[in-house]
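Working notes, structure below.
The values are calculated or read from the model by the stated rules, or taken from the named source; none is laboratory data. Because the structure is a prediction, the values reported are computed rather than measured. Don't worry about glycine lacking a Cβ; one is built from the backbone with ideal geometry, like all the others, and counts go over all protein chains shown. Ligands, DNA and RNA are stripped out before the accessible areas are found, and what is left, the full protein with its side chains, is counted by its heavy atoms. Shrake-Rupley method; radii C 1.70, N 1.55, O 1.52, S 1.80 Å.
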Amino acid sequence: MNPTYGTTRGEHPEPHPADTSGAPGPDAPTPDAPAPDAVDPEVVALATRLFGLARSGETDALAAYVDAGVPVNLANDKGDTLLMLAAYHGHAGAVRALLERGAEPDRPNDRHQTPLAGAVFKGEDEVMEALLAAGADPHAGSPSAVDTARIFGKPELLARFGAA
């Protein structure tokens, strides 16, 4: 007899007297359920494909996935969103498509970097234009786009950001 539950080995305890449903509780495991932290390999493969599309600037395919329900602010294990990857790799068309679908222009990654700071670092003028047109804040992040322009001696960008 199990003194904690009042059952013998292999038996299930009686439900709580207030539970009249007879159904297992919400935390009860189901026989075929995957572990709570298990990740479906097909989901991982799709996410990997999506991040690759953002890096390579495949605008139409990326937009189609987002239009079909992929979260526009999907982020990888480093916090890099689809927008961050497209911006950093200089794909203005993909950046515009993601922004048109609601991507957050100032969402930082896990290192507090923003898409605009990445575009400043890489010298991607067309990407910067798209991000600024969508309301990106040059002071957001750490280092911010302003900080990055200072570090790399880009006075024209400091003037553009109102930080000259």
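I'd like the full set of residues that are buried (at least 24 other Cβ atoms within 10 Å of the Cβ) and assigned to a helix (DSSP H, G or I), limited to the range 98-121.
If we filter the range 98-121 for residues that are buried (at least 24 other Cβ atoms within 10 Å of the Cβ), which is where we start, we get 98, 103, 114-120.
Of everything in the range 98-121, those that are buried (at least 24 other Cβ atoms within 10 Å of the Cβ) and assigned to a helix (DSSP H, G or I) turn out to be L98, P115, L116, A117, G118, A119, V120.
Return only the number of the condition from (1) charged (D, E, K, R); (2) open to solvent by 50 Å² or more (accessible area, probe 1.4 Å); (3) more than 19 Å from the chain's Cα centre (by Cα) that K154 does not satisfy.
(2)
Only residues that are part of a helix (DSSP H, G or I) and surrounded by fewer than 17 Cβ atoms within 10 Å (Cβ to Cβ): list them for the range 122-139, please. Before the answer, list the steps.
We begin by selecting, within the range 122-139, every residue part of a helix (DSSP H, G or I); these are 122, 125-133.
Within the range 122-139, K122, D125, E126, E129, A133 qualify.
Exactly one of (1) on the phi > 0 side of the Ramachandran plot; (2) out of contact with any His (no Cβ under 6 Å at 6 or more places or on another chain); (3) modelled with pLDDT of 95 or more is unmet by F121. Its number?
Condition not satisfied by F121: (1).
In the range 73-89, what residues are open to solvent by 30 Å² or more (accessible area, probe 1.4 Å) and either in a helix (DSSP H, G or I) or under 15 Å from G102 (Cβ atoms) (or both)?
N73, L74, A75, Y88
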